[in-house]
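Here's the structure, in structure tokens; my notes come after.
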Amino acid sequence: MRIAGRKITAKTLAVYTIAIVITAVMLMPFAWMLSASLKLSRDVFVFPIEWIPSEPQWRNYVDIWTKIPLALFIYNTSKLTIIVTLLQLLTSSFAAYAFAKLNFPYKNTLFLGYIATIAMPWQVYMVPQFLLMREFGLNNTHLALICLQAFTAFGVFLMRQFYMSIPTELCEAARIDGMNEYQIWAKIMLPLSKPALSTLTIFTFVTTWNDFLGPMIYLTKTELKTIQIGLRMFISQYSAEYGLIMAASVVALIPVLVVFLSLQRFFVEGVASSGLKG
Amino acid sequence: MSISNTATAIDHAPADPRRKVKALSKRRRKIQDALVAYSFIAPNFIGFAVFTLGPIAFAFALAFMHWDGSNAITFAGLDNFWRLFEDKAFIAAFWNTVVYTVVSVPATLLCALGLAILLNQKIFGRDFFRTAMFFPYVASLVAVAVVWNMIFNPEMGPVNMILYTLGLDPKDMPGWAADRHWAMVTVILFGIWKSMGYYMVIYLAGLQGINSELYEAADLDGANSWQKFIYVTVPQLAPTTFFVTVMLTIQSFKVFDQVYMITQGGPGTSTLVLVYHIYNEAFISWDLGYSSMVALVLFFLVLAVTVIQFHRQRED
């Protein structure tokens, strides 16, 4: 068989069939979510599945904003995510520059401090961390979550690995030109490290936006809650309102989808390199 | 260390005044350089030390204490450790974590490898397929877990409806998250679905690192696709596979969120995992010392995997 001048073999056909079937299975929950978000709750479980609702209930997308303070949850999450991501990018790339390009006493010891904790599950020390935050009076504040997520070993490590691959001669040349270290970092290193910064942005953004256990432990006041625990609260309060739950879920997914799709080119590279060079 | 070394070097230097001035300015220069470097590190390191290193040290100490968070801390010695062996919930959580790991690590790994090989071929729309596979990994867990529970709903969910249309007797129908025999399966399936796209990307990078001459040589020797896979791809991917295994194992040891959202650790203790037990002991029972002891068990499990990884890397 030939299509558009190319020979289609049985193998190609099999590859496409498998790829399409797996993709369909992978995306099925999202399709279900989208479809159910436009249905009346009693129609959600009708079988055979009606993928495109005959009478789309757009009202669901209006009602969710009044049933729970969804806008407030989104505002809280955005605020946290943006602050954490900025702090993470800034402090990690700053520290990583020193670890990659400067010499100073205790450099290896300090770096070892980061490396030693990189595989340490947060769950091992989440309890003492909570007690410490409570001691600082930060329990039930957004600041607690910012402090907890903005200074990670992972960020410093990822940025340092990338800076190591930038030739040191570049920094030396800049020093001869009379730049100080802060200028070298701002004018040479930062512009060169876009792929690493993008990777770190997505990782931090996605983790902070989707974080569940952190906000669940720290934030008990409704007005402070993030979208994930807000959604969870919604699910337990209106457990039978399937249409509304699905609509709220779709809304919670959109920001991550946007960030992911716009930066995914860097992300795939980043996952690959951070994974293997590590 | 080297600041004090420099100081001793100066003390022993010959009493040539010119040299002394030079050495002093060199020393000053060195201190200045170090201060600049520390100013780069400080913003991150201070936060890291206070909010990560400190609590880690505290966690180790707390495992040997009794504390409910409000009354005085008392020293417990090994009490918390011995309690582990009598705590039925801990034993269940430990074995459930092991089962989760033993099943989901190889299953996710094989799925990820299969996907990577499939999507490493030059097919139309390859980027779309890759993005689609990856998307569950970044999607909000709360949102997708609730969909998962709906799809696997024992009475009305489409999965059981399909099984019913295929002729399965309603009596034999799996109860998924509500069924003590199927709850773990439901959680594992969810985990595989959610994370395999991520490991697929790592495998794709591994596949692209294989020298194509190896395949050409195999072609010359008349190898078929299967032989090429077994004798070229698999051995060449060994470092990637090792890395993926380690990552997946650590991830499986600390599984929590998906269990919390799909089964709440139940029915009974059938899906209770270590982190769930840590959470319960700390934030439900306020038994902070004991909870830290369970956390220590988790730590040693992860440490064991990391040590194995370290030795493997040195051998390579």
Check B:ARG126 against each of (1) in contact with a Leu (Cβ under 9 Å, 6 or more places away or on another chain); (2) open to solvent by less than 60 Å² (accessible area, probe 1.4 Å) and name the one condition it does not meet. (2)
Extreme residue, farthest from the other protein chains (Cβ to nearest Cβ), among residues of the range B:163-182 that are in contact with a Gly (Cβ under 9 Å, 6 or more places away or on another chain) and over 20 Å from A:VAL46 (Cβ atoms): B:HIS181
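Does A:GLN149 satisfy the condition of being of a type outside the set (Val, Ile, Thr), more than 7 Å from every other protein chain (Cβ to nearest Cβ) and assigned to a helix (DSSP H, G or I)? I'd like the intermediate steps shown before the answer.
Details: of a type outside the set (Val, Ile, Thr): yes; more than 7 Å from every other protein chain (Cβ to nearest Cβ): yes; assigned to a helix (DSSP H, G or I): yes.
So A:GLN149 fits the description; yes.
Can you tell me which residue within the range A:30-39, out of those that are outside any helix (DSSP H, G or I) and touching a helix residue (DSSP H, G or I) at 6+ places or on another chain (Cβ under 6 Å), is surrounded by the most Cβ atoms within 10 Å (Cβ to Cβ)?
Keep residues of the range A:30-39 that are outside any helix (DSSP H, G or I), which gives A:37-39.
Then drop every residue that is not touching a helix residue (DSSP H, G or I) at 6+ places or on another chain (Cβ under 6 Å), which leaves A:37, A:39.
Details: A:SER37: 25, A:LYS39: 22.
In this case the residue turns out to be A:SER37.
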Which number in (1) free of Cβ contacts under 8 Å to residues at least 60 places away in the same chain; (2) under 30 Å from B:GLY209 (Cβ atoms); (3) within 10 Å of another protein chain (Cβ to nearest Cβ); (4) open to solvent by less than 50 Å² (accessible area, probe 1.4 Å) marks the one condition that B:ALA238 misses? (3)
Out of A:PRO105, A:PRO56, which single residue is assigned to a loop (DSSP other than H, G, I, E, B) and within 11 Å of chain B (Cβ to nearest Cβ)? A:PRO105
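Of these, A:ALA100, A:ALA96, which one is open to solvent by 10 Å² or more (accessible area, probe 1.4 Å), small (Gly, Ala, Ser) and either at positive phi or not in a loop (DSSP other than H, G, I, E, B) (or both)? Break it down into steps so the answer makes sense when it comes.
Values: A:ALA96 fails: open to solvent by 10 Å² or more (accessible area, probe 1.4 Å).
Exactly one residue qualifies, and that residue is A:ALA100.
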Would you pick out the residues in the range A:135-146 that are assigned to a helix (DSSP H, G or I) and either under 22 Å from the mean Cα position of the chain (by Cα) or within 8 Å of chain B (Cβ to nearest Cβ) (or both)? A:HIS142, A:LEU143, A:ALA144, A:LEU145, A:ILE146
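Taking the options A:ILE74, A:ILE83, name whichever one is open to solvent by less than 60 Å² (accessible area, probe 1.4 Å) and touching a residue at least 24 places away in the same chain (Cβ under 8 Å).
A:ILE74
Step by step: first the residues of the range B:153-201, then only those that are of a type in the set (S, T, N, Q) and within 20 Å of B:VAL255 (Cα to Cα), then the one that is surrounded by the fewest Cβ atoms within 10 Å (Cβ to Cβ). Which residue is that?
Filtering the range B:153-201 down to residues of a type in the set (S, T, N, Q) leaves B:153, B:160, B:165, B:186, B:195.
Still in the list and also within 20 Å of B:VAL255 (Cα to Cα): B:186, B:195.
Values: B:THR186: 23, B:SER195: 21.
Checked the range B:153-201; the qualifying residue surrounded by the fewest Cβ atoms within 10 Å (Cβ to Cβ) is B:SER195.
Restricting the search to the range B:187-209, which residues are polar (S, T, N, Q) and over 14 Å from the mean Cα position of the chain (by Cα)?
The initial filter retains those residues of the range B:187-209 that are polar (S, T, N, Q), namely B:195, B:208.
The one that is polar (S, T, N, Q) and over 14 Å from the mean Cα position of the chain (by Cα): B:GLN208.
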Kindly list the number of the only condition in (1) open to solvent by 30 Å² or more (accessible area, probe 1.4 Å); (2) at the interface with chain B (Cβ under 7 Å from one of its Cβ atoms); (3) in contact with a Leu (Cβ under 8 Å, 6 or more places away or on another chain) that fails for A:ARG232. (3)
Residue by residue through the range B:29-45, note down the ones that are within 8 Å of another protein chain (Cβ to nearest Cβ) and open to solvent by 60 Å² or more (accessible area, probe 1.4 Å). B:ASP33, B:TYR38
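In contact with a strand residue (DSSP E or B) (Cβ under 9 Å, 6 or more places away or on another chain), within 11 Å of another protein chain (Cβ to nearest Cβ), open to solvent by less than 60 Å² (accessible area, probe 1.4 Å) and modelled with pLDDT of 90 or more: is that true of B:TYR276 in this structure? Show your work before the answer.
Details: in contact with a strand residue (DSSP E or B) (Cβ under 9 Å, 6 or more places away or on another chain): no; within 11 Å of another protein chain (Cβ to nearest Cβ): yes; open to solvent by less than 60 Å² (accessible area, probe 1.4 Å): yes; modelled with pLDDT of 90 or more: yes.
So B:TYR276 does not fit the description; no.
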Are any of the residues in the range B:263-271 open to solvent by 20 Å² or more (accessible area, probe 1.4 Å), within 9 Å of chain A (Cβ to nearest Cβ), in contact with a helix residue (DSSP H, G or I) (Cβ under 9 Å, 6 or more places away or on another chain) and within 19 Å of A:GLY214 (Cα to Cα)? no
For the range B:279-316, name all the residues that are facing chain A (nearest Cβ under 10 Å), among the hydrophobic types (A, V, I, L, M, F, W, C), in contact (Cβ under 8 Å) with a residue 12 or more places away in the chain and more than 30 Å from B:ALA72 (Cβ to Cβ). B:LEU301, B:VAL302, B:VAL305
Residue, surrounded by the most Cβ atoms within 10 Å (Cβ to Cβ), within the range B:133-152, restricted to residues that are free of Cβ contacts under 8 Å to residues at least 24 places away in the same chain and either more than 7 Å from chain A (Cβ to nearest Cβ) or not in a loop (DSSP other than H, G, I, E, B) (or both): B:ALA143
So B:PHE90 ticks every box in (1) more than 8 Å from chain A (Cβ to nearest Cβ); (2) touching a Gly at 6+ places or on another chain (Cβ under 8 Å) but one. Which box is left unticked? (2)
Cβ-Cβ below 6 Å, separation at least six or inter-chain, first residue in the range A:243-266 and more than 8 Å from chain B (Cβ to nearest Cβ), second surrounded by 19 or more Cβ atoms within 10 Å (Cβ to Cβ) and among the basic types (Lys, Arg): which pairs? A:GLY243/A:LYS39
Please determine, by comparing only the residues of the range B:46-56 that are at the interface with chain A (Cβ under 7 Å from one of its Cβ atoms) and open to solvent by 30 Å² or more (accessible area, probe 1.4 Å), which one is farthest from B:GLY289 (Cα to Cα). B:LEU53
Looking for whichever is within 21 Å of the chain's Cα centre (by Cα), within 12 Å of chain B (Cβ to nearest Cβ), surrounded by fewer than 20 Cβ atoms within 10 Å (Cβ to Cβ) and over 30 Å from A:TRP185 (Cα atoms) here; the options are A:LEU13, A:LEU27, A:LEU90. Which one fits? A:LEU27
Residue check, B:ASN160 against (1) more than 11 Å from chain A (Cβ to nearest Cβ); (2) in a helix (DSSP H, G or I), all met but one. Which one? (1)
Counting only helices (runs of 4 or more DSSP H) entirely within the range A:167-253, those with at least 3 residues that are outside the structural domain of A:GLY137 (by TED's automatic domain parsing) are none
Can you give me the number of residues within the range B:71-98 that are of a type in the set (A, V, I, L, M, F, W, C), open to solvent by less than 70 Å² (accessible area, probe 1.4 Å) and over 26 Å from B:ALA238 (Cβ atoms)? 8
Looking at A:ALA116, is it modelled with pLDDT of 85 or more and either within 30 Å of B:PRO158 (Cα to Cα) or open to solvent by 20 Å² or more (accessible area, probe 1.4 Å) (or both)? no
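The values are calculated or read from the model by the stated rules, or taken from the named source; none is laboratory data. Please read these numbers as outputs of a predicted model, since none were measured by experiment. Using ideal geometry, Cβ is built from the backbone for each residue, glycine included, and neighbour counts are taken over all protein chains shown. The accessibility values were calculated without ligands, DNA or RNA, using every heavy atom of the protein model including side chains. Shrake-Rupley method; radii C 1.70, N 1.55, O 1.52, S 1.80 Å.
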